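Right, one structure below, let's go through it.
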Amino acid sequence: MRVDGRVVTGSDPNGNIAYAPRSASCALGALAPAGQRVSEVEAGMAAARASGGASSGAPSPGPAAGSGAVLQVESGFPKGAGGAVPLAGQALMLLDTSLENVLREAGLVIPAGGSVGKAFVQEFKAGAERRQKLIVTLNTHNIGYLKMDQNGIALSPELQVGRSYFVVASVAVGTKYLWNVPVTARAGWTKVVLSPANSLPF
């Protein structure tokens, strides 16, 4: 970028300040915004979405219309400054089995009382081959991807009545949270609230 200006050189015969033209150039850079804090589990979910060809948080096709069962997933966090909802825009996965079973199918042995979240993180960091196996297993059990709106609400496609599903999500809101919430689809609306109280430690 070039900037043209002037510099004081002294005074003229009348005592007025005298100036001379002066130009300077410098490289113009770009200030990148700070990246969003993403947990390892959330990174794994994003990798699964990408490998499955799904856009970030876009709902996948569900059963034929008319099945009559819809999940409404809501944020259970208090609103932040200015009324901001901490989980607004959060991507969710809807699985047909628990996250524990996904990890076991991927070949991971979870010790009794072990943390599912920690196990997921360890497996995700264990190298490309094991990470890819985990992602493939996630996609095998994936029913759909949901995304919360600005009010912290996400709606599923129509689901099969009586079938059990697991709402899986991970987010860093100051603290890292992981959810693996079981729910049975009932005719009409079934509400699922994601809050610190029903999250898993990791």
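The values are calculated or read from the model by the stated rules, or taken from the named source; none is laboratory data. Please read these numbers as outputs of a predicted model, since none were measured by experiment. Here Cβ is always computed from backbone atoms with ideal geometry, including for glycine, and neighbour counts include all displayed protein chains. The accessibility values were calculated without ligands, DNA or RNA, using every heavy atom of the protein model including side chains. Shrake-Rupley method; radii C 1.70, N 1.55, O 1.52, S 1.80 Å.
Quick notes on this one:
- Sequence-separation-based contact order of region 61-202, relative, with Cα cut under 8 Å and 6+ spacing, percent: 41 percent
- Karplus 3J(HN,Hα) series, Hz, for region 157-167 with 6.51 cos²θ - 1.76 cosθ + 1.60 (x for Gly, Pro): x, 5, 10, 6, 4, x, 8, 8, 9, 10, 8
- For V193, residues with placed amide H under 5 Å, excluding near neighbours: E74
- Accessible-area value, V167, 1.4 Å probe, nucleic acids and ligands omitted, Å²: 0 Å²
- For region 88-202, the solvent-accessible area with a 1.4 angstrom probe is 47 square angstrom per residue.
- Simple point charges give the picture: +1 on the Cβ of Lys and Arg, -1 on the Cβ of Asp and Glu, and for region 129-170 a dipole about the Cα centre of about 240 debye.
- Put simply, the amide H of T97, placed in the peptide plane, has neighbours under 5 Å in F166, leaving out anything fewer than 5 places away on its chain.
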